[in-house]
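Have a look at the structure below, then the notes.
Computed from the coordinates by the stated procedures, all read-outs in this text should not be read as laboratory data. Predicted model, so just to flag it, every value in this text is computed and none were measured. As a convention, Cβ positions derive from the backbone with ideal geometry for all residues, glycine included, and neighbour counts pool all protein chains shown.
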Amino acid sequence: MVIPHTQFREEEFFEPKKILEDEGARVVVASTTARMCRGLKGGTAQADIAIADARADDYAAVVLCGGSSVPEFLWNDKKLQELVSATAAAGKIVAAICLSTVVLAKAKLLAGREATVYFLPEAIDELKNAGAKYVKETLLIHNNLILAEGPPDSQRFGQAIRTALAG
């Protein structure tokens, strides 16, 4: 699971993480660097590895969480774009919620597809500029790609990832 090192949305991280761990998944947390990360509401999570050190071969899925700092720290992270591209190319699950769906757009995974994102005009523009068709849906599933709109969808997002991993 990928989170920004500051201002991540706790529910978008902790709820899916619990759902996956309850199924026996081992969740590895990545951020810009391996460090303690802080959420918008004061929650904390330890990043086990830096995004640059994550390899698609090592994981069954890559899950991107949102937060107000995602545009600044994750949207233009080339290593993260490479990671989600390689994961998707391998037919594995790539999931993104809230403002992090823009990372998938920038990685060219959403061209020609319907996509959702947290309602922020700049984020919607990023999706459209990458060739995606913005739709105001809370959850979208395109084969191995899972997109969710925002915090209220965290539980359903986690459940969709669990279902996809169960195959």
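Numbers for the structure displayed
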| item | result |
| --- | --- |
| Global geometry of the range 1-78, whether rounded, prolate or oblate, following the gyration tensor of its Cα atoms and the 1.5 cut on a/c | oblate |
| Helical mean residue ellipticity (222 nm; -39500 (n - 2.57) per DSSP H run of 4+; nearest 500) of the chain | -10000 deg cm²/dmol |
| Where trypsin sites (Lys or Arg not before Pro) fall in DSSP loop in the range 73-158, at most 15 other Cβ within 10 Å | Lys108, Lys136 |
| Ellipsoid semi-axes in whole angstrom, largest first, where each is sqrt(5λ) of the Cα gyration tensor of the range 6-166 | 20, 17, 16 |
| Qualifying GluC sites (Glu not before Pro) in the range 1-89, DSSP loop, other Cβ atoms within 10 Å at most 13 | Glu23 |
